[in-house]
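Here is the structure we will look at, set down as structure tokens.
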Amino acid sequence: MSQNIYDQPDFFHGYSQLPRSRDGLDAAAEWPAMQALLPPLEGTRIVDLGCGFGWFCRWASARHARSILGIDLSENMLARARGFGHDAAITYVRQDLETLELPPAAFDLAYSSLALHYVSDLAALLQTIHDSLLPDGHFVFSTEHPIYTAPSHPDWAQDATGARIWPLNDYQKEGPRSTDWLAPGVIKQHRTLGTLINALIDTGFTVTHVEEWSPTDQDLAAHPDWAPERDRPTFLLIAARKQAAP
């Protein structure tokens, strides 16, 4: 079973104070880039893996998706999502992505925001997602970038001249990383960029877009504090499709 850090009171309280938790998708720096990867949603059947507070589920419903299945391991997350009110198009279900079960050929789009770096058995999860998609179905997700997950102590440092640098070590050593983020001992899984992309290809996906997210000039004009994000990518955004049967 995955580490259910989001149901620990102190961690959940800290997470609830983040701008993206309080204000939703518009407070997520990478959201415009993620949105650009999405297919038209009207009439689609969607599964949101790691749905959190349900921000994307509600956004998709407002754009006339036919149905949205929001899945999360955290009871706290799901309770908060349900607390926004009933929506006939949305169903929230508690499942662990490590042991995810989905009906076959049931969805037009699988979506996931910053959840896959918690999953240890990525191959099994990707196969379940692939099987659950209809032919030509879309898989759009974000995850923490491998440059961000690799360091044993992920934080800025300075070089001999005083310039800001991102220390990188053990990049090729894949596996769990224990980091202190909102609480001590948060376990995330590090994989190289090649491993992530090849895992998608090996599952049968066609990768259509890979983006190492960085703020635009317009972003920096509005948010000067985002400038360090140009020194190393925090997020990796990927779009893929399930090939249609010949």
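Would you mind getting me the FRET efficiency between GLU98 and SER16? Use the beta-carbon distance for r and R0 = 25 Å, nearest 0.05.
Calculated transfer efficiency: 0.55.
Over the chain, the reciprocal of the mean inverse Cα-Cα separation, the Kirkwood hydrodynamic radius, stands at 18.8 Å. Each Cα pair under 8 Å and six or more residues apart adds its sequence gap; the mean of these over the residue count of segment 75-156 is a relative contact order of 31 percent.
GLN243 sits among other residues whose Cβ lies under 15 Å from its own Cβ, and their net charge, with Lys and Arg +1 and Asp and Glu -1, is -2. Heavy-atom surface analysis with a 1.4 Å probe gives the chain a carbon and sulfur content of 51 percent of its accessible area.
Report Rg/Rh for segment 106-246, rounded to two decimals, where Rg is the Cα radius of gyration and Rh the Kirkwood radius.
Result for segment 106-246 is an Rg/Rh of 1.02.
Here the simple spin-label model places points 7 Å from the Cα toward Cβ, and for ASP202 and ILE187 these points are separated by 2.1 nm. What does the C-alpha gyration tensor say about the overall shape of segment 179-223? Classify as rounded when a/c is under 1.5, otherwise prolate if a/b is larger than b/c, or oblate. The shape class here is oblate. Considering only SER178, SER67, SER214, the Gaussian network model of the chain with Cα springs below 10 Å gives its largest mean-square fluctuation to SER178.
Heavy atoms of the protein chains alone define the surface here; on that basis segment 20-76 has 40 Å² accessible area per residue at 1.4 Å probe size. Taking every Cα-Cα distance in segment 145-223 and sorting them into 10 Å bins starting at zero, the pair-distance distribution P(r) comes out as 15, 32, 37, 15, 1 percent. Taking a ≥ b ≥ c as the square roots of the eigenvalues of the alpha carbon gyration tensor, segment 45-102 is oblate, as a/c is not under 1.5 and a/b does not beat b/c. Compared with the alpha-carbon gap, the fully stretched path from ALA124 to ALA89 is longer by 9.8 nm at 0.36 nm per residue.
Entry note: segment 77-145 has Rg to Rh equal to 0.98, where both radii use alpha-carbon atoms and Rh is the Kirkwood radius.
The values are calculated or read from the model by the stated rules, or taken from the named source; none is laboratory data. Quick caveat, the model's predicted, so the values are computed rather than measured. Positions of Cβ are backbone-derived with ideal geometry, glycine not excepted, and every protein chain shown enters the neighbour counts. Calculation scope for accessible area: heavy atoms of the full protein, side chains included, ligands and nucleic acids excluded. Shrake-Rupley method; radii C 1.70, N 1.55, O 1.52, S 1.80 Å.
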